[in-house]
Amino acid sequence: MSGKRAFLDLLKQEGVEILFGNPGTTELPLMDALAVDNELRYVLGLQEAAVMAMADGYAQASGKLAVVNLHVAPGLGNAMGMLYDAQKAASPILVTAGQHDQQFNVTEPILWADLPPIARPLVKWSSEVRRLADLPRLVHRAAKTALAPPTGPVFLSLPGDVLQAEADIDLLAPTRVAPRLRGDREAVEEAAALLAAARRPMLFAGDAVAQSRALPELAALAEMLGAPVYAELVPNTASFPASHPLFRGTMGRVTPAIREALAEYDVVFSVGADLFTLSLPSPVEPLPPDLTLIHLDIDPWELGKNYPPAVAILGDPKATLPDLTEAVRARMGAGERAAARERLAAASAAIAAEREALRAKASAAADASPVQPLALLAAIGDMLPKDAVVVEETISSGIGIRQLIRSDDAQSFFGLRGGGIGWGLPAAIGVKLALPNRPVVALIGDGSAMYTCQALWTAAHDRIPVVFVIFNNASYRILKQRLHAQRGHAAQVDTYVGMELVDPAIDYVGLANSLGIAAQRAKTVHEATDLIGKALGDGSAMLIDVALDRGFKPM
Ligand SMILES: Cc1ncc(C[n+]2csc(CCOP(=O)(O)OP(=O)(O)O)c2C)c(N)n1
Ligand SMILES: [Mg+2]
């Protein structure tokens, strides 16, 4: 068997159906094998950053292994920013790149570089296949490693001579590490004792909850404790049902505000939540000193990484939370139960009032011209069908999104985790490939869209019906907001260098049309939601460019 044929067969053994890629000379052996393969689908992306983010969206939405094939050093280089995002999101992705023939590399041919060290800082494991005989072992090892908890990307370099070689080889078989690690019994009992005795408990829901599909298990614990639930600071997954009465939304990423919010509680239980991914340094410590912390995560690195918890439990939320809930139940006496019921009623009422206030603010702006982002988010939340999946990279326009957009199941919401922008537009394409029966709507900042707009062509070419909504404020608004807040020269002279996307204004409709995607402009919230509704009804890809208010100074 040839190496190229073996590689495709190995991927099929691993359950892979799609190969995301962008080819060059060193990938030609694979393209040759794909020419006579009717099972694997090759999804072409026209820039490697777009390719990588498509694969990331697919991996996150499916929970399955995504496979990427890139072109030598520059192809891998173009993909690195999105590989960073994939690493932060713990996406199980096998990244491969073609390499020149091994005998030839000593001459340093064009595009050549030693590839595994380039990828290494951003992946769980990085290697090169040196002999065809090793290909099965290394591909299976790569797939196992990507999918073993904590999941994450891996890298394999594939030299041309290995792919062209022929030999009698044994393809071996995949290994899957069973993911449902049940937290240590003693640690669970310790945590239960602290939670049962807590007077003002709070739960922090992180992406591990969505990844392990443990939303019902976390809701059961929250209800029993009468504890409000916050989404973690980078709320990139539906880690708790948005419509649940105990869901308090996201805590802002401003350290003094985090401390103020946490001061309401005596025991905080982080279920796979990041403690804390911040944007800016602060002299204030986010955790009040008398707060008791309990931390459950599937990744030992995250446990106590920044703040030492009273109890640290290594475990899968879905497997561990029922044990914990049972142990808490057993420890709660009549008094504790009554207190929990009171907390449940009080927290539900307070949260309902907060939500009402947010909605009132959004409705007050519903007819404002130009469009206010909050009003647009609320209107989109109201009109989307129940099974819709939202992919979000709205940056400064995203405030309140987890409360306003219905996102009740683990696959209903995906947002930017790593902070490298340009992720959302292609990720939405991967999400739609993973969940073809659900409507997928991508909400993307105008600046963010430009990093990977090539992905629109893939949506057109492969008939992937995503609805793209551009939150167009003709600027890098978040940067203007932050620079203004620094009260320096820029604020004084009202000049924001490198942050205005005008002169010329970017024509997103023209851009989408040129890549084969239908597109329309919307000047009001109603025009925007009408167009989204129409696009979802048609079942075809469409881009809607919504002109937003450019204002960035606090009112
Ligand atoms: C790859 C990458 N380049 C640059 C940045 C810095 N950056 C963060 S937000 C932002 C602007 C985002 O603009 P847009 O998507 O229009 O959202 P807005 O701020 O206008 O809401 C930039 C350039 C980044 N985070 N990632
Ligand atoms: Mg913008």
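The values are calculated or read from the model by the stated rules, or taken from the named source; none is laboratory data. It should be emphasised that the depicted structure is a prediction, and the values quoted were computed from it without experimental measurement. Don't worry about glycine lacking a Cβ; one is built from the backbone with ideal geometry, like all the others, and counts go over all protein chains shown. Please note that ligands, DNA and RNA were not included when accessible areas were found on the heavy atoms of the full protein model with its side chains. Shrake-Rupley method; radii C 1.70, N 1.55, O 1.52, S 1.80 Å.
Data overview
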quantity: Pairs of alpha carbons in segment 419-497 whose separation is greater than 16 Å (percent); calculated: 57 percent
quantity: In Å², nearest 10: area of Lys88 left accessible to a 1.4 Å probe; calculated: 100 Å²
quantity: Cα principal axis extents for segment 453-533, largest first, Å; calculated: 48, 28, 19
quantity: Evaluated over segment 396-555, the Cα radius of gyration and Dmax, each in Å; calculated: 16.3, 52
quantity: Pairwise Cα inverse-distance average, inverted: Kirkwood Rh of segment 256-322 (Å); calculated: 12.7 Å
quantity: Spin-label zone in segment 35-71 - amide nitrogen under 17 Å from a point set 7 Å from the Cα of Met1 along the C-beta vector; calculated: 35-40
quantity: Fraction of the pair-distance distribution of the chain above 36 Å, Cα-Cα pairs, percent; calculated: 38 percent
quantity: Over 31 Å between alpha carbons, listed pairs Lys4/Lys432; Lys64/Lys480; Lys88/Lys361; Lys361/Lys480; Lys144/Lys386; calculated: Lys64/Lys480; Lys88/Lys361; Lys144/Lys386
quantity: Two-decimal ratio, segment 188-344, of alpha-carbon radius of gyration to 2.2 N^0.38 Å; calculated: 0.95
quantity: Antiparallel content of DSSP bridges confined to segment 404-555, in %, to 5; calculated: 5 percent
quantity: Pairwise FRET efficiency - Asn105 versus Arg550, Cβ, R0 = 41 Å, nearest 0.05; calculated: 0.20
quantity: Kirkwood Rh, Cα atoms: Rg over Rh of segment 157-245; calculated: 1.28
quantity: Geometric extent, Cα atoms of segment 358-464 - Rg, Dmax (angstrom); calculated: 14.0, 42
quantity: Accessible surface ranking that places the most exposed of Arg120, Arg341, Arg199, Arg406 first, with a 1.4 angstrom probe; calculated: Arg199, Arg341, Arg120, Arg406
quantity: Mean separation of Cα contacts under 8 Å (6+ apart) over length of the chain, as relative contact order %; calculated: 14 percent
quantity: Bins of 5 Å, starting at 0 and running to the largest distance - Cα pair percent for segment 357-400; calculated: 5, 22, 29, 25, 16, 3, 0
quantity: Rounded to 5, the percent of DSSP beta bridges in the chain classed as antiparallel; calculated: 5 percent
quantity: Segment 130-201: radius of gyration over Cα atoms, expressed as a fraction of 2.2 N^0.38 Å; calculated: 1.92
quantity: For segment 18-135, alpha-carbon Rg relative to the globular expectation (2.2 N^0.38 Å, N residues); calculated: 1.03
quantity: Surface per residue (accessible, 1.4 Å probe) for segment 1-156, Å²; calculated: 35 Å²
quantity: Most positive-pole-ward Cα, Val466, Val229, Phe240, against dipole of the chain from beta carbon charges; calculated: Val229
quantity: Column: log10 I(q)/I(0), Debye, Cα scatterers of segment 389-428, q = 0.27 Å⁻¹; calculated: -1.02
quantity: Radius of gyration and maximum dimension Dmax of segment 338-383, Cα, Å; calculated: 14.8, 50
quantity: Candidates per chymotrypsin sites (Phe, Trp or Tyr not before Pro) in segment 8-97, loop by DSSP, up to 16 other Cβ within 10 Å; calculated: none
quantity: Rounded percent of accessible protein surface that carbon and sulfur make up, the chain, 1.4 Å probe; calculated: 55 percent
quantity: Ranking by accessible area, most exposed first, for Phe104, Phe552, Phe468 with a 1.4 Å probe; calculated: Phe104, Phe552, Phe468
quantity: Proportion of all alpha-carbon pairs of segment 304-397 beyond 15 Å (%); calculated: 78 percent
quantity: Computed over segment 41-104, Kirkwood Rh from alpha-carbon pairs, angstrom; calculated: 11.9 Å
quantity: Estimated [θ] at 222 nm from DSSP helical runs (n ≥ 4, -39500 (n - 2.57)) normalised by residues in the chain, nearest 500; calculated: -12000 deg cm²/dmol
quantity: Positive-end residue, segment 187-281 charge dipole about Cα centroid, Cβ charges, pick of Phe269, Pro281, Ala210; calculated: Pro281
